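Okay, structure first, notes after.
The values are calculated or read from the model by the stated rules, or taken from the named source; none is laboratory data. Since we're looking at a predicted model, the values are computed, not measured. Here the Cβ is made from the backbone with ideal geometry for all residues, glycine too, and neighbour counts use every protein chain on show. Just the protein is used for accessible areas: all its heavy atoms, side chains included, with ligands, DNA and RNA removed. Shrake-Rupley method; radii C 1.70, N 1.55, O 1.52, S 1.80 Å.
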Amino acid sequence: MRSIKVNLEKKYSSSYEIRIGNGIIDRIALLVAKNHKADKYAIITDDNVARLHGKNFLAVLKNIGLNADMIDFPAGEASKNIGTILDISDKLLKLGADRTTCLIALGGGVAGDMTGFIASVYMRGVPYVQIPTSLVAQVDSAIGGKTAIDLPAGKNLLGTFNQPSEVFADLNFLNTLPAKEFENGLAEIIKYGIIDDEKMFILLEDNMDAVKQKDPVMMLKIVENCCRIKKAIIEIDEREQGLRRILNYGHTLGHALEAVSDYKLSHGEGVALGMIAAARISAKKNYLDAQEATRIEEIIRLANLPTKIPGFLPAGEIINRLQMDKKKKGDTIHFVLLKKIGMPFINGGVANDIIGEVIEEMKL
Ligand SMILES: NC(=O)c1ccc[n+]([C@@H]2O[C@H](COP(=O)([O-])OP(=O)(O)OC[C@H]3O[C@@H](n4cnc5c(N)ncnc54)[C@H](O)[C@@H]3O)[C@@H](O)[C@H]2O)c1
């Protein structure tokens, strides 16, 4: 089992460990019991993960003598709202959960974001650990303490910063993950290579087949690498006041594409297209060598993620959507651009005509 420490300054939060391994569920249970002593444990998960892994994990916790229960909610982003939070809180009360209870987020980013949110407010705050089961959650959402729920007006509009007490990623969970969900995670992994680590980018270029086959040795190496990159960024900028924004590489346009497609494009597909577009914009503005932009497009193709924007998405609407986000976020769209693979920077404004040109070039 690999261990990575997230060193926080105690300004806002305490430091914690991320542990990663293959087939480590029994070790995780023992470490939860040892490091997070509590009278009661409540696993919070979605109904898919409850069926595939939750029941088994609950049994493991009970077998070692812990007083544990499980609460589940319908899987999917549509559950990430205040109604589900109230429902889970009600169930926690009925189970007798109090301020000494330890919550366990078991699942993808939805379970993680919601459990972290409840842990911030339930009885003025209870501890929680993250056990991410999707690739997105293992390399991204379980680390860093951003918690959130959605409002009808948009995603992640209610939330807190609330770091978990520990993160445990068992790569065995990935064996049951649907291909589309794996690809969503792959887009984030490629992003880490682009923004921080050319060596990992090359590793991915050379080993994409092994990654797609979820080769355990390769996955361990890559997930560990991504966690190290994210933890280093969080240590510098826990509350997203600056550097942490580079994690949004490909996401500005990606979100707009997802929304304009009425969410027919998945998050990973939107981000993949957004990453290609950001590289092309960087090349057009002469920050980035055009060959590097081609490498980015090629690795996305190797990952089976899309490289072309579906023809039915009008450039005008995509740009309008970007403008809407701009208004919401206080008049600047922080486009993350590149000088090299591994060398991003934040650019305060890209002219609409350049964005429009790139969208047209990328149309199917
Ligand atoms: N907090 C952060 O920093 C952060 C970062 C990135 C994304 N997010 C949030 O995370 C969410 C996306 O995360 P996600 O992609 O994990 O979504 P998700 O939690 O909805 O999981 C995706 C699907 O995979 C299923 N699943 C999860 N693990 C599985 C497994 N091992 N086997 C089979 N099925 C499994 C789930 O049931 C669900 O149907 C979004 O709400 C996003 O806003 C948060």
Filter the stretch 187-215 down to the residues that are under 29 Å from Val32 (Cβ atoms) and outside any loop (DSSP other than H, G, I, E, B), then identify the one that is farthest from the chain's Cα centre (by Cα). Tyr192
Test: Ile222 is more than 15 Å from the ligand (Cβ to nearest atom) and within 30 Å of Gly316 (Cβ to Cβ): no
Options Ala187, Ala210, Ala232, Ala142: the member that is assigned by TED's automatic domain parsing to the domain that holds Asp47 and either without any contact (Cβ under 8 Å) to a residue 60 or more places away in the chain or within 12 Å of the ligand (Cβ to nearest atom) (or both): Ala142
The stretch 43-68 residues that are within 14 Å of Phe168 (Cβ to Cβ) and away from the ligand (no atom under 16 Å from the Cβ), paired with ones that are open to solvent by less than 70 Å² (accessible area, probe 1.4 Å) and assigned to a strand (DSSP E or B) (beta carbon under 6 Å, 6 or more apart): Leu61/Ala68
Give the residues of the stretch 122-139 that are surrounded by fewer than 24 Cβ atoms within 10 Å (Cβ to Cβ) and either farther than 20 Å from Asn81 by Cα or near the ligand (Cβ under 7 Å from one of its atoms) (or both), sorted by residue number. Pro127
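If you check Leu322, Leu247, Leu273, which single one turns out to be closer than 16 Å to Val350 by Cβ, under 21 Å from the mean Cα position of the chain (by Cα) and part of a helix (DSSP H, G or I)?
After applying the criteria, what remains is Leu273.
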Quick one: in the stretch 145-160, of everything that is in contact with a Phe, Trp or Tyr (Cβ under 9 Å, 6 or more places away or on another chain) and more than 10 Å from the ligand (Cβ to nearest atom), which residue is nearest to Ile28 (Cα to Cα)? Thr160
